[in-house]
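Accompanying notes for the structure given below.
Computed from the coordinates by the stated procedures, all read-outs in this text should not be read as laboratory data. Keep in mind that this is a model prediction, so the values were computed, not measured. Every residue, glycine as well, gets a Cβ built from its backbone with ideal geometry; the counts of neighbours run over all protein chains shown.
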Amino acid sequence: MSAPPGHMEMISVLGEDPDLARGLPHGAHESAQSAALAPLVTWEPGVQATGIGEPPTQPHLGYLVLDGLITVHLRFGSIWSTELLGPSDVFLPWAMSTRVEVAEARWEALAPTRLAELDGGFATRVRPWPELTAALLDRYAERLASQLLQSALRRARRVEDRIWVALWHFATRWGRVCADGRRVELPKVTGEVLANIVGARRQSVSTALTILTDRGAIHREPDGGWLILQEPPHLGLEATRTPQLAS
């Protein structure tokens, strides 16, 4: 992935994301933090990269989102799909170019975004602490679970149900609990972006947002934040059969 222009520097990954160090043995934190250095990539809002880069020739563990918000727009033929990436997400931008038939991929920062590039130098420096690699694998798994949920919510019959589940999910991952529910900042997440996330038409999403607001299930605050209530109305998700395992 070609990085947009920005100031490059080395940062302490564990200093930026201390949760990655939870599994380290007692007494190893200081030395691991000193070794776990990675190049910092900064993206300004609106910067886009079209296409997906070639796989790296050296060992590379991907990119860790430190803060900010990124949309990944993928085109399969004439169909577009969108995924949101936020703090703690780890992704390998070249994986789709080698394993999935994607016609086009576009990456866009919706807010000032900082990424740690977990390149070959980082991978070599953290080799003495397999707990760190395991923590990154957990992050890959968390993102996969998020993708599965976003795929499952498209099974809901009503668009307002899909929107509510998506917003609640994002608030759970990147928001905070407040007196009325959960609040999350999703800058520049437009109706078109939500439509691509939940698999609906933009006009249907606009109608769904109005319905949810009128019900008191969500509230768009003046500063652009979303408040998702903890006690939403009944979702009425479409019932589906539990998949049967092959005998």
Exercise for the section: Apply the Karplus parameterisation 6.51 cos²θ - 1.76 cosθ + 1.60, with θ equal to phi minus 60°, to every residue of the range 25-34 and state each ³J(HN,Hα) to the nearest whole Hz, in sequence, with x for glycine and proline. Expected result: x, 4, x, 9, 4, 4, 5, 5, 5, 5
Problem - Listed residues Gly199, Thr213, Ile228: farthest to the positive end of the dipole of the range 157-229 (Cβ charges) - result: Gly199
Fill in the blank from the handout: Taking placed amide H atoms and a strict 5 Å upper bound, the residues 5 or more places from Leu186 or on another chain that come that close are Trp226
Fill in the blank from the handout: Here the net charge surrounding Thr207, from other residues whose Cβ is less than 12 Å away from its Cβ (Lys, Arg +1; Asp, Glu -1), is +1
Problem - Backbone HN-Hα couplings from phi across the range 169-176 [Karplus 6.51/-1.76/1.60, Hz, Gly and Pro as x] - result: 4, 5, 5, 5, 7, 10, x, 9
Completion exercise
Spelling it out for Leu69: with amide H atoms placed in the peptide plane at 1.01 Å from N, the residues 5 or more places away or on another chain with amide H under 5 Å from its amide H are Leu110, Ala111
